[in-house]
Each structure stands twice: as structure tokens, then as C-alpha cells.
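Quick notes on the structure that follows.
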Amino acid sequence: MVAGALGAPEDSLPPGDLPLSRFAARYLASLAAPEAEDPPEAWTQHLILGLVRAHPHLALAAIRAALDLAPDADTLAMIAAGPLEDLLTDHGATLIGDIERAAPSCPRLRDALTAVPGHDLKPLLRARLEAASVVETGEDDPPR
């Protein structure tokens, strides 16, 4: 993941490039220690912001990995109101198709979409995100 974020060939970095799941765990550790003066995993917050700015698809993958590991609703809300909202504000139009395809099978992503404040989102994007956050079960569908 780090190689991709840096735009560097994977063989240019030391062996063991950081996979998304390990990055997500370290990112969550940084969120769990907000009062620490300089938490050891603070670099993960800088990296996720860099991904949001320059690599939106990789940022979405990293955010989804963090959401999958989020230990509670408060952590999920922090991610939703932080990097997910920034990502949607800056790149929502580019990513909406990916989000709509992923949401039906990702309950944590759907939950996070409902927690994004989204004050700066365009109305059409907001409507599509709200629709993506709902799972169609078919139970209320009219008979055919």
C-alpha cells in the first residue's frame, strides 16, 4: 500500500510493504490515542490524508479496511466524519460508482455513509450516498 501511495515500484521499498489490513490496524491505534502528545502511529493519519488528496481509490480501500476493523460505533463515526467525509467531498463524483457497488455487501460502509456529516456534498451526490446506505431486501417491494 505504501508503495502505491508513493507511486514507487514495490521492489524499490524494503520487503514487506504494508498491507491494507495492517495499515488499518495501525490507523485505528492512532485514533484510540487522541490525547497522546505524539502517538507512535500518528504517521498513519498523515498518510490517509495524503491518500485522500492524491490517491482516492487507494484511500477508499484504506478507509474500508479501517471500517472493517473499527471496534465500535464511536470509532466508525470518527472515520466517517474524518477521512471518509474528506474523500467524498473531494472525490465523491469519481468514487460514487465504486461505493454503490461495494455498499450492498459492506454493512460497515453503509453505516459510515449514514454518519458522514456531508455539509459540503453536492445534493445529487448526497442523495446517491443515502441510497447506497440502504439495503434493498425486497420485502417491501410490491408483488409483480
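What follows is calculated from the coordinates using simple rules that are stated; it is not laboratory data. Being a predicted model, the structure only gives us computed values, none of them experimental.
Quick look at the numbers
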{"quantity": "Extended-chain gain in nm, criterion 0.36 nm per residue less alpha-carbon gap, His57 and Arg101", "calculated": "14.5 nm"}
{"quantity": "Cα principal axis extents for segment 59-102, largest first, Å", "calculated": "29, 18, 14"}
